[in-house]
1. Considering only residues that are more than 17 Å from PRO66 (Cα to Cα), of a type in the set (A, V, I, L, M) and surrounded by 17 or more Cβ atoms within 10 Å (Cβ to Cβ), which ones fall in segment 195-234?
2. Out of everything in segment 110-144 that is surrounded by 18 or more Cβ atoms within 10 Å (Cβ to Cβ) and among the polar types (S, T, N, Q), what residue ends up being nearest to LEU155 (Cα to Cα)?
3. Suppose we filter LEU123, LEU128 for residues that are within 18 Å of the chain's Cα centre (by Cα) and over 16 Å from VAL193 (Cα atoms); which single one remains?
4. Do any residues in segment 138-159 that are acidic (Asp, Glu) have Cβ atoms under 9 Å from those of residues that are in a strand (DSSP E or B) and loosely packed, with under 13 Cβ neighbours inside 10 Å, where the two are at least six apart or on different chains, and which pairs are they?
5. Test each condition in (1) among the small types (Gly, Ala, Ser); (2) surrounded by fewer than 18 Cβ atoms within 10 Å (Cβ to Cβ); (3) at pLDDT 95 or above for ALA150 and report the one that comes out false.
6. Please specify each residue of segment 157-187 satisfying the condition of being charged (D, E, K, R) and more than 21 Å from the chain's Cα centre (by Cα).
7. Return yes or no: is SER202 more than 22 Å from PRO103 (Cα to Cα) and at pLDDT 95 or above?
Amino acid sequence: MLKSQPAALYISVTLSLGLAACGGSDKGPVEPPSTAAEAKASTAGAANPPKDADIKAVAFNLADGPDVCFRAIAKHLGADAKVSEITSFFSAGKEIETAHTQPAGEMTTCTVQYQDPNDSRKLLRSDLDLESGEFSPPSPVEITVTGGNAADFKLEDYVIPLSKIDAAALTSVMEAQKDRLSGVYGRYAWSGVRLAAPGAFSNTHTLRLDVAGRLASNDLRQGGYASISIDGKKITADHLMP
C-alpha cells in the first residue's frame, strides 16, 4: 500500500524537450492517426487477408473494456512495473464532439508515466502508437515538487505496481451510472479512463472516469468525471453531473 502523503505535497511533471518536440501531450484526445494501414488492408483483398500487424489498431476500443490501455501497458512493461499516471482517452463520437471523426469508443490516447527500472529516482513516459500498436521509446519526465520540501520527496511514494490496479472493475461503476446519466444527458459517452497520482486532492492513487455528453434539456455540450478507488469499486469523488 502507498504511504499516505500530506495533502499539501504533490508533484507535477514536465515532459523532456525531446518528447515535446515530437508533439507529445496528455491533455486530451489526439488527432486521428493516418489511415495508411487501413488502405493497405483494403487492397489486400478477401483472398489474402492482412496480417495483424497490417491492421489499424481497431481493437483499442472502450468496448473491449475500460482497462484496454492498461492491458496494453502491462503487456509492454510487465504487470510489476511501477506506474505514476496512466491516461487513456476515447472518442465520444461526432454527435457529442463535433470535432471528433473517429467512431464513439475508439481510443485516441494511451500514455503511461512509470518509474525508471534503471534509476528509481526518475520517471519515464511512453505513448501508444494507435496505428502500429507499439509504444514509443521511453522519454524522461521532469518532476517538480510543490507545496512541500523538495528534499523530502520520494518518487517511491508516488508510484504503484500496475498489478495493484483493477481498471477492468470500472465496468460495474459505468453500468451503475446508466439510469442516472440518461436522466440528464440526451446522449453521453465515456471519454476517459485514467490513473491519477497522489496530489492536492488525494493522498493515494485513484482511478478516474471522464464522461462527455449533450444535455437533454438544451443539447449543450457538458462533461464531468468521477474518481474511483484503485480496485475499481468505490467512487471517492463524484462530479459526473452538471
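1. ALA197 - this is the single residue of segment 195-234 that is more than 17 Å from PRO66 (Cα to Cα), of a type in the set (A, V, I, L, M) and surrounded by 17 or more Cβ atoms within 10 Å (Cβ to Cβ).
2. So, considering only residues that are surrounded by 18 or more Cβ atoms within 10 Å (Cβ to Cβ) and among the polar types (S, T, N, Q), the one nearest to LEU155 (Cα to Cα) is GLN115.
3. The match here is LEU123.
4. Note: pairs meeting the criteria are GLU142/THR14.
5. (3) is the only condition that ALA150 fails.
6. Our first condition is that a residue be charged (D, E, K, R); within segment 157-187, this holds for 157, 164, 166, 175, 178-180, 187.
Within segment 157-187, LYS178, ASP179, ARG180, ARG187 qualify.
7. Numbers: more than 22 Å from PRO103 (Cα to Cα): yes; at pLDDT 95 or above: no.
When the stated conditions are applied, SER202 does not pass them.
The values are calculated or read from the model by the stated rules, or taken from the named source; none is laboratory data. On a predicted model such as this, the values are computed, not experimentally measured, just so you know. All Cβ positions, glycine included, derive from the backbone under ideal geometry; neighbour counts span all protein chains shown.
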